[in-house]
Amino acid sequence: MSMSLVQQLVDGLAALMLLVSFALLAQHRLLSVLHWFAAQGVLLAVTATIVAYGTGNHELYISAVMTFLLKGLLLPWLLWHVIKRLHVHREVEPLVNLTLTMLIALGITLFSFHIIQPIEKISESLTSDSMAIATACVLLGMLMMITRRKAITQVIGFLAVENSLFFAAIGSTNGMPLVVEIGIAFDVLIAALIFGLFFFQIRTTFDSLEVDAMHAALQDREDEA
Amino acid sequence: MFLGTLVAPLFGGLMLALVANTRLAFGINVATGVATFGFSLALALGILEKGALNPVGGWFFLDAYNVFLIVLTTFVGMTTAIFSGPYMRHEIERGRMDAQRMRLYHSMFQLFLFGMLLGFTTDNIGVLWVSLELATLATVLLVSLYRTPASIAAAWKYFILCGMGIALALFGTVMVFFTASNVLGHGNEALSWTRLLQHASELDPAVMMIAFCFLMVGYGTKVGLAPMHAWLPDAHGEGPTPVSAVLSGLLLNLALYALVRLKMLVDGATASETAGHIMMAFGLLSLIVAAFSLHKQRDIKRMFSFSSIEHMGLMTFAFGIGTQLASFAALLHMTVHSLVKSGIFFTVGHAAQAMGTQKMAEIRGLIRHHPGIGWGLLIGTAAIAGFPPFGVFTSEFLLFTATIDAHAWTCVPLLLGLLIAMAGLFRFVQPMVYGETAAQAVPVRVNMLPVYVHLALALVLGLSIPSFLSGWYEQAAALIVTTSVEGL
Amino acid sequence: MSGTSLFLQIAQAVVLVLFAPIAAGVVSTAKARLQNRRGAGVLQPWRNLIKLFGKQVVLAENASWIFRFAPYVVFTATIMAASCVPPLLVHTPLSLTADVIALVALLALARFFLALAGMDIGTAFGGMGASREMTFSALAEPAMLMSVFVLSIGAQSTNLTTMISHTLNTPIVLQPSLAFALVAMLMVAVAENGRIPVDNPTTHLELTMIHEAMILEYSGRHLALMEWAAMIKLTLFATLIIDLFLPWGISIDASLAGVAMGLVAWLLKLIGFLLGLSLVETYLAKLRLFEVPEFLSTAFVIAFLGLLTHYMLEIGT
């Protein structure tokens, strides 16, 4: 594989990554959100493999395998399990309607492209173009976190942000040092486990996974205090 | 010495996860705290004598700046461990805790300290991020410890907001790595803070500036700067008091420490003061927002958590100014704030236990039925509000001097914010301490020793800073400043 | 400029127009086969048209001149649009006018009269169809322009001939933006031609129809013209997509061999496209009406992403 082909493939994957980020935002059903999330994980693993091949950085193969297992299989499976066990309502229930969300998302993408422009110019790295897309994906994940009503979609948003960060790391910098990456993966895993724990606690305490109920609890607390 | 500092809390944390007996666990917790403090003290003396150190193959880095924070952390960690024993026993008696969760509490507490110390000592800005995340995750579990609806909601909010913030910080770190890898190659070198500082002027200014914006918002969320502070009052208000104390006194420090370390790099790269100005703006905004919000509070712990936001804003502002004097003031302020604020939280915890409530409207006449708590609260509040002769006064005075030197006009909002905050504090504390009591006060086993030790230290720092300590601050401040100025 | 090239220019437009009913026949036959029916054969649309031309026109009492006038305007505008899109030969005498924006405008003109005619009679269905058509086209047109812009940025022109030559002359590289543009364009094409999943051309089930609702009152040659125009539009979109995204095989000079090659290539690609369409139509269910705007805004978003990725990933590298 020639260097430029690797570059092209990574660019293509970056575009797909952006598409998946939008797709995550556009879904109506919780399970399809989950499917797209899993797809994002697999996409990351593929990107890591290709970058590893292109740069000859063998540490990245480890990251790729780790990513595939953790983000492509384990986390989606865990979330799926939670949805099944807790009988979460299947609709996504956004706070802002989807069309508006999409428009905001487009605006965000434009914005991140704008701010990353200066970076693009100076970079000499193999795959630096994807920085802008990674930025956009990070912000889109955050948009998902703030425009969704359910705790579980917020978490998927959080993990999508994490995925985009990972993409930024491999896509734009050919991978962070392995120690850091393992550390980050470890943190994400713990975070996901804590999330899972929380789901059950929230469920037993509030009898639903709606964030509104929690806000109400804090509000009451503030009012009575 | 160095490894001892790190390993002690980790080992303690692991051991505590296995110990079921609460009384024994309390002992181990205190012992670990004392041991860690001992190690760190020895370490600090070593650094003072020999200068900066790069132990364990350059993975860690110790200089005057962080070693002083390490000592502070281990000290507050130790006193909190001492305080938490009787406090938590009372909570068990009230039925808010059980032995199982005590185990989680002790174990997470030490793990949190480990995360803190790892963050302070590491030389790798990636590991710094990881450790901050670790400390956050540990405290999330601590905040939700009571399992009440409000505490779970607060922990969730804390988790989500800080998760978001910390993700942005990671993104900033990735960007730093992105530009650094062009200079230092794709290895760990490009994340090593010392190496980055040496090559700061070669880093791309545009990228570093964008990275700093992400880092500022990211770590700023953890520092509790407005407008990203929403999680802080809830997390402080709903968690157990020892947790509020270490959150306020320590975790916020680590986030600010990270921010200052990265600001040095950015200053080196951009050769301008823009990063400092951004920090000043955030700091000032936090100060004023917190000062006004303070007046609206009804819960005593929430009220003091807004005071924490105010003081973190003040420190951010001071570090933003970036002169030698301002940095000195900021470091001193960090120390006294940690001491006094954790002391106040200890007192507040006892007060809340004594009255069986956290509502300020129902806490009355502390000085009558619990003179120890009442005096503690009064003196603590006076100290944190910046009354002489306490250390807070000294540091704020120094800060004002520095501000007049650098940006004189900002003194006006600064002073205003401080006055408003002070008015708010006393408006609430006065009736709580002196007010008429109709009350159903419960006798509590009070352990005021940590409070008095903290306040006494703050007093000493206010009256005359011991020469070895001021030398230490000066060294640290000089470190922050020279590195910033070098690039200019 | 020679006589032959002028002749070729006209000839290729004529080929497109005459082939359009066969193309529609290909789709319906392929669909029939996929559904295990025999189907009426690819020439059936032609037979229908000829039959309709022979029939008497029945006009509603309150039909105004607009109603009588509309089929001619629609048909003419569509033919003009069709002559902009070269199926066989890139450089033709009129290639300067072959601008994509003009093409969109011509199609909009046709649609405008179609909607007017739908409302003219004053029946409920006509008005309903017209309102739906206008709503959807308001969403489809920006999406289409956006996806065309992705390509025209590369070629630095909205002229079809220039764009085709540019695509032919650039080396083949992986361009994600083109994939985005293609997907968006396909979605728009489906919507514009009233195919499943947006509209069903074979149903007269009143609640869901859009295009059929507007021409419900037409008969005789008027109906023939309207239907023919619709078929031409389908072929036109297919050819446009082929031209923009898969131009290889199209003839650059006016030699006989080149044109013959171009014809074969075009037919193959067109039939491939039509078979794909019939597959899609067989496997997808029609969307509920209120989901169509979402479908179209998705097309818009995808096209926009194409534009952005083009800027980010492809320019400057």
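The values are calculated or read from the model by the stated rules, or taken from the named source; none is laboratory data. What you are looking at is a predicted structure, and each value in this text was computed from that prediction instead of being measured. With ideal geometry, Cβ positions are generated from the backbone for all residues, glycine too; neighbour counts draw on all protein chains shown.
For segment A:168-182, a residue qualifies if it is assigned to a helix (DSSP H, G or I), at the interface with chain B (Cβ under 7 Å from one of its Cβ atoms) and touching a residue at least 12 places away in the same chain (Cβ under 8 Å), and the qualifying residues are A:ALA168, A:ALA169, A:SER172, A:THR173. Being of a type outside the set (Asp, Glu) and at positive phi is a condition met by no residue of segment B:129-144. Scanning segment A:86-106 for residues that are within 13 Å of chain C (Cβ to nearest Cβ) and over 19 Å from the mean Cα position of the chain (by Cα) yields A:ASN97, A:THR99, A:LEU100, A:LEU103. Can you name every residue in segment A:10-22 that is more than 7 Å from chain C (Cβ to nearest Cβ) and more than 18 Å from A:TRP80 (Cβ to Cβ)? Selection gives A:VAL10, A:LEU13, A:LEU16, A:MET17, A:SER21.
I need the full set of residues from segment B:257-293 which are within 14 Å of chain A (Cβ to nearest Cβ) and over 21 Å from B:THR179 (Cβ atoms), in order please. Walk me through how you get there before you give the answer.
Taking segment B:257-293 first, the residues within 14 Å of chain A (Cβ to nearest Cβ) are B:269-270, B:293.
Residue satisfying the conditions is B:SER293 alone.
Quick check on segment A:200-225: of everything there that is within 21 Å of the chain's Cα centre (by Cα) and crowded, with 21+ Cβ neighbours inside 10 Å, which residue is farthest from the other protein chains (Cβ to nearest Cβ)?
Per the criteria, the residue is A:LEU209.
Counting only helices (runs of 4 or more DSSP H) that fall entirely inside segment C:203-317 and contain at least 3 residues that are within 14 Å of chain A (Cβ to nearest Cβ), the qualifying elements are C:292-309.
Considering A:LEU25, A:LEU30, which residue is within 13 Å of chain C (Cβ to nearest Cβ), in contact (Cβ under 8 Å) with a residue 12 or more places away in the chain and either out of contact with any Phe, Trp or Tyr (no Cβ under 8 Å at 6 or more places or on another chain) or among the aromatic types (Phe, Trp, Tyr) (or both)? Reasoning before the result, please.
On the way: A:LEU30 fails: within 13 Å of chain C (Cβ to nearest Cβ).
The unique qualifying residue is A:LEU25.
Candidates C:LEU160, C:LEU174, C:LEU186, C:LEU178: the one that is away from chain A (no Cβ under 14 Å) and over 20 Å from C:TYR283 (Cβ atoms) is C:LEU160. Among residues of segment C:44-68 that are modelled with pLDDT under 90, those with a Cβ under 6 angstrom from a residue that is acidic (Asp, Glu) and outside any helix (DSSP H, G or I), sequence gap 6+ or separate chain, pair up as C:ALA60/C:GLU217.
Take the conditions among the β-branched types (Val, Ile, Thr) and either within 30 Å of C:ALA285 (Cβ to Cβ) or in a loop (DSSP other than H, G, I, E, B) (or both) and apply them to C:THR76. Does it pass? Outline the logic, then answer.
Details: among the β-branched types (Val, Ile, Thr): yes; either within 30 Å of C:ALA285 (Cβ to Cβ) or in a loop (DSSP other than H, G, I, E, B) (or both): no.
Spelling it out, it is not the case that C:THR76 is among the β-branched types (Val, Ile, Thr) and either within 30 Å of C:ALA285 (Cβ to Cβ) or in a loop (DSSP other than H, G, I, E, B) (or both).
Considering only segment B:137-145, I want to know if a residue exists there that is modelled with pLDDT under 90, more than 25 Å from B:ARG94 (Cβ to Cβ) and of a type outside the set (Gly, Ala, Ser). Within segment B:137-145 (the criterion being modelled with pLDDT under 90, more than 25 Å from B:ARG94 (Cβ to Cβ) and of a type outside the set (Gly, Ala, Ser)), the answer is yes, since at least one residue qualifies. Comparison of B:GLY374, B:GLY349 shows that the only residue that is more than 22 Å from the chain's Cα centre (by Cα) and touching a residue at least 12 places away in the same chain (Cβ under 8 Å) is B:GLY374. Tallying residues that are under 21 Å from A:GLY141 (Cα atoms) and more than 7 Å from chain B (Cβ to nearest Cβ) within segment A:183-199 yields 9. Please go through segment C:97-123 and pick out each residue that is among the small types (Gly, Ala, Ser) and either outside any helix (DSSP H, G or I) or closer than 21 Å to C:ARG68 by Cβ (or both). If the condition is that a residue be among the small types (Gly, Ala, Ser) and either outside any helix (DSSP H, G or I) or closer than 21 Å to C:ARG68 by Cβ (or both), then C:ALA98, C:ALA110, C:ALA115, C:ALA117, C:GLY118, C:GLY122 are the ones that fit. Do you know which residues across segment B:1-31 are under 30 Å from B:THR194 (Cβ atoms) and assigned to a helix (DSSP H, G or I)? Of everything in segment B:1-31, those that are under 30 Å from B:THR194 (Cβ atoms) and assigned to a helix (DSSP H, G or I) turn out to be B:PHE2, B:LEU3, B:GLY4, B:THR5, B:LEU6, B:VAL7, B:ALA8, B:PRO9, B:LEU10, B:PHE11, B:GLY12, B:GLY13.
Which ones in segment B:375-420 are hydrophobic (A, V, I, L, M, F, W, C) and under 13 Å from B:LYS341 (Cβ atoms)? I'd like the intermediate steps shown before the answer.
Initial filter on segment B:375-420 (hydrophobic (A, V, I, L, M, F, W, C)): B:375, B:377-379, B:382-385, B:387, B:390, B:392-393, B:397-400, B:402, B:404, B:406, B:408-409, B:411-412, B:414-416, B:418-420.
B:LEU377, B:ALA383, B:ILE384, B:ALA385, B:PHE390, B:VAL392, listed by residue number.
Of the residues contained in segment B:272-291, none is found to be more than 18 Å from the chain's Cα centre (by Cα), under 29 Å from A:ASP220 (Cβ atoms), of a type outside the set (A, V, I, L, M, F, W, C) and outside any loop (DSSP other than H, G, I, E, B).
Condition check ((1) more than 14 Å from chain A (Cβ to nearest Cβ); (2) assigned to a helix (DSSP H, G or I); (3) under 21 Å from A:VAL188 (Cα atoms); (4) among the aliphatic types (A, V, I, L, M)) across all residues:
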residue	(1), (2), (3), (4)
B:THR80	yes, yes, no, no
B:PRO86	yes, yes, no, no
B:ILE92	yes, yes, no, yes
B:PHE109	yes, yes, yes, no
B:ALA135	no, yes, yes, yes
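Among the conditions (1) within 21 Å of A:PHE199 (Cα to Cα); (2) touching a strand residue (DSSP E or B) at 6+ places or on another chain (Cβ under 6 Å), the only one that B:TYR158 does not satisfy is (2). Kindly indicate whether C:THR202 is closer than 30 Å to C:LEU59 by Cα and surrounded by fewer than 22 Cβ atoms within 10 Å (Cβ to Cβ). For C:THR202, the condition - closer than 30 Å to C:LEU59 by Cα and surrounded by fewer than 22 Cβ atoms within 10 Å (Cβ to Cβ) - is met.
For segment A:142-166, a residue qualifies if it is assigned to a helix (DSSP H, G or I), under 16 Å from A:VAL211 (Cβ atoms) and more than 10 Å from chain B (Cβ to nearest Cβ), and the qualifying residues are A:LEU143, A:MET144, A:THR147, A:ILE152, A:THR153, A:ILE156.
Only one of the listed residues (A:ALA15, A:ALA64, A:ALA39) is modelled with pLDDT of 90 or more, assigned to a helix (DSSP H, G or I) and either within 24 Å of A:ALA191 (Cα to Cα) or in contact with a Phe, Trp or Tyr (Cβ under 8 Å, 6 or more places away or on another chain) (or both). That residue is A:ALA39. The set of residues in segment A:69-95 being in contact (Cβ under 8 Å) with a residue 12 or more places away in the chain, exposed (fewer than 14 other Cβ atoms within 10 Å of the Cβ) and hydrophobic (A, V, I, L, M, F, W, C) consists of A:LEU95 alone.
Residues are listed down the side, and each one gets a yes or a no for (1) small (Gly, Ala, Ser); (2) at pLDDT below 85; (3) under 23 Å from C:THR92 (Cα atoms):
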| position | (1), (2), (3) |
| --- | --- |
| C:PHE149 | no, no, yes |
| C:PHE180 | no, no, no |
| C:VAL190 | no, no, no |
| C:GLY194 | yes, yes, no |
| C:LEU205 | no, yes, no |
| C:MET209 | no, yes, no |
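If you scan segment A:129-141, which residues turn out to be assigned to a helix (DSSP H, G or I) and either away from chain C (no Cβ under 14 Å) or surrounded by 24 or more Cβ atoms within 10 Å (Cβ to Cβ) (or both)? If the condition is that a residue be assigned to a helix (DSSP H, G or I) and either away from chain C (no Cβ under 14 Å) or surrounded by 24 or more Cβ atoms within 10 Å (Cβ to Cβ) (or both), then A:SER130, A:MET131, A:ALA132, A:ILE133, A:ALA134, A:THR135, A:ALA136, A:CYS137, A:VAL138, A:LEU140, A:GLY141 are the ones that fit.
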